[in-house]
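Accompanying notes for the structure given below.
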Amino acid sequence: MHSVKNAKATSSVGIRMIDATGIGLSSLCVIHCLALPVLASMLPVLSSWAEAEWVHKLFVLLAIPISGSAAFIRGVHYRNLAFVFFVTLGLALLTASAFLESLHDIERPLTVAGAMIVAIAHLWRWRRHYKSPKSEN
């Protein structure tokens, strides 16, 4: 029985770490989209990073396995359907804005919306786990 408690505590810590990583990565994405262009206008050296497509694509390619594993780590249960929905929606917006050239004109708002949705979903679940460590999801 003691080992079952330890296993649940360890997996809960792992989920919190995944959520914290998702929050951090989403925050970096928002900073890249909103703050870097402002900094680039003040420091021309940063201008190449402000519009670099590879940075956006890299963030998305990191976000998919991190948030995807967080969403499906224990399968989909009724308790985390909202989390799975919002993470999937946010990742879909991020992926579309990074890889669909036809959305170039609305890339920034889509990226910010997607990153914020993913970050809020992770934050919501992280806070839920923090307040209730016995929670299954």
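Go through (1) surrounded by fewer than 17 Cβ atoms within 10 Å (Cβ to Cβ); (2) modelled with pLDDT under 80; (3) more than 12 Å from ALA115 (Cβ to Cβ) one by one and return the number of the condition LEU34 breaks.
(3)
Report, ordered by the first and then the second residue, all pairs with beta carbons closer than 6 Å, sequence separation of six or more or different chains, a first member in region 85-106 that is under 19 Å from LEU28 (Cβ atoms), and a second member that is among the charged types (D, E, K, R) and in a helix (DSSP H, G or I).
Taking only residues 6 or more apart or on different chains, the pairs are SER97/GLU107; ALA98/LYS57.
Quick check on ALA96: is it at pLDDT 95 or above and under 14 Å from HIS56 (Cα atoms)?
Values: at pLDDT 95 or above: yes; under 14 Å from HIS56 (Cα atoms): yes.
Against the criterion (at pLDDT 95 or above and under 14 Å from HIS56 (Cα atoms)), ALA96 qualifies.
The values are calculated or read from the model by the stated rules, or taken from the named source; none is laboratory data. Computed from a predicted structure; not experimentally measured. No Cβ is skipped: glycine too gets one built from the backbone with ideal geometry, and neighbour counts run over all protein chains shown.
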